[in-house]
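J.: Sharing a structure here in structure tokens format.
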Amino acid sequence: MEKVVAGGLCAGSAEDNLVVAARARGCARVSAMAAMFRQTPLVVMSRPESGIRSIADLRGKRVAMHCDGIRILEGLLDLHGIRRSELDLVEVTHDLDNLPSRRFDAVQGYAVAEPIELAARGLTVSTFTLWHRKLHPYAQVIFAHEAMLAEHRQHYERFLHASFAGWRACLEDFDQAVASIRRVGAPMVDPEQEIVSLRLVHQLVTGGDAADAIGCIDPERWAGNLSAYRNLGIVPPGTSLTCAFDDSFWPCGSDGAGRSRQARPAVSDVTSAPDSG
């Protein structure tokens, strides 16, 4: 967030609650323009023998959360009528040994990473996703400073078009995607683990909708999250339900049953960009 505001980066990626909080509290005039993941990858992991299958099962348990997920869990506890004092909840940094060492009964994870890595180490974990119909966070929204969005609109349109064309190409050919990943780095030792991860990424990126919906932020869902963040105190009580959301880049909505309508990208259909772009 600080680098984007300072001008060191033209865009950033962060959880929606962090972007909204920065804008609502006057710390940064930033807006989200698209979603990298349309479903949250944040999960709670536990050993199968723990019997933890849902948020209600966390009562009386030792639970470790990261800084990007602890407020979300607090909001979900509230929505389920569970007091924070009913569990031993602590904030931790990433440590893959937190669960195998039995330091905690349940630990926050990223659906496309830690569960796969732990399985490769011989520990298959149970998971449940951190979401509720009244609080369904967007993980990794793409955001930028509002002044930059106004001044360089076409550059951001090209950026989004290229980004999501790349996602579609990736999801259509996992083998080629893994080869591309490994040319620039090896986040997982085993290429087969990366294939498994990409299959999960497919669901997260599309949100279970058509490929045209990639990148889309549903304004109704955004407003619902803002309402929850107001109740949690993440943002001030009078915060607008459209705070930090620029709906002109990737508009979509939902039907009466809560399903996303097919998105029609507002960005230009650019097949190539100038060399100076």
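The values are calculated or read from the model by the stated rules, or taken from the named source; none is laboratory data. Since this is a predicted model, take the numbers as computed values, not measurements. All Cβ positions, glycine included, derive from the backbone under ideal geometry; neighbour counts span all protein chains shown.
J.: If we keep just the residues of the stretch 72-121 that are surrounded by fewer than 20 Cβ atoms within 10 Å (Cβ to Cβ) and small (Gly, Ala, Ser), which is nearest to residue 15 (Cα to Cα)?
T.: 113
J.: Looking at (1) among the small types (Gly, Ala, Ser); (2) at pLDDT 85 or above; (3) over 16 Å from the mean Cα position of the chain (by Cα), can you tell me which one residue 197 breaks?
T.: Of everything listed in (1) among the small types (Gly, Ala, Ser); (2) at pLDDT 85 or above; (3) over 16 Å from the mean Cα position of the chain (by Cα), residue 197 misses just condition (3).
J.: Follow-up question, since we're still on this one. In contact (Cβ under 8 Å) with a residue 12 or more places away in the chain, small (Gly, Ala, Ser) and either within 30 Å of residue 80 (Cα to Cα) or surrounded by fewer than 19 Cβ atoms within 10 Å (Cβ to Cβ) (or both): is that true of residue 180 in this structure?
T.: Numbers: in contact (Cβ under 8 Å) with a residue 12 or more places away in the chain: no; small (Gly, Ala, Ser): yes; either within 30 Å of residue 80 (Cα to Cα) or surrounded by fewer than 19 Cβ atoms within 10 Å (Cβ to Cβ) (or both): yes.
No, not satisfied.
J.: Further, regarding this structure: When you scan the stretch 206-221, do you find a residue that is more than 17 Å from the chain's Cα centre (by Cα) and either assigned to a loop (DSSP other than H, G, I, E, B) or outside the structural domain of residue 164 (by TED's automatic domain parsing) (or both), even just one?
T.: Checked against the condition, which is being more than 17 Å from the chain's Cα centre (by Cα) and either assigned to a loop (DSSP other than H, G, I, E, B) or outside the structural domain of residue 164 (by TED's automatic domain parsing) (or both), the stretch 206-221 yields at least one hit.
J.: Being hydrophobic (A, V, I, L, M, F, W, C) and in contact with a Leu (Cβ under 6 Å, 6 or more places away or on another chain) is the filter here; which residues of the stretch 23-44 pass it?
T.: Across the stretch 23-44, the qualifying residues are 34, 37, 42.
Okay, residues lined up against (1) assigned to a helix (DSSP H, G or I); (2) not assigned by TED's automatic domain parsing to the domain that holds residue 209:
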site	(1), (2)
8	no, no
22	yes, no
28	no, no
32	no, no
56	yes, yes
64	no, yes
72	yes, yes
77	yes, yes
85	yes, yes
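J.: Right, residue 149: outside any helix (DSSP H, G or I) and in contact with a helix residue (DSSP H, G or I) (Cβ under 8 Å, 6 or more places away or on another chain) or not?
T.: Answer is no for this residue.
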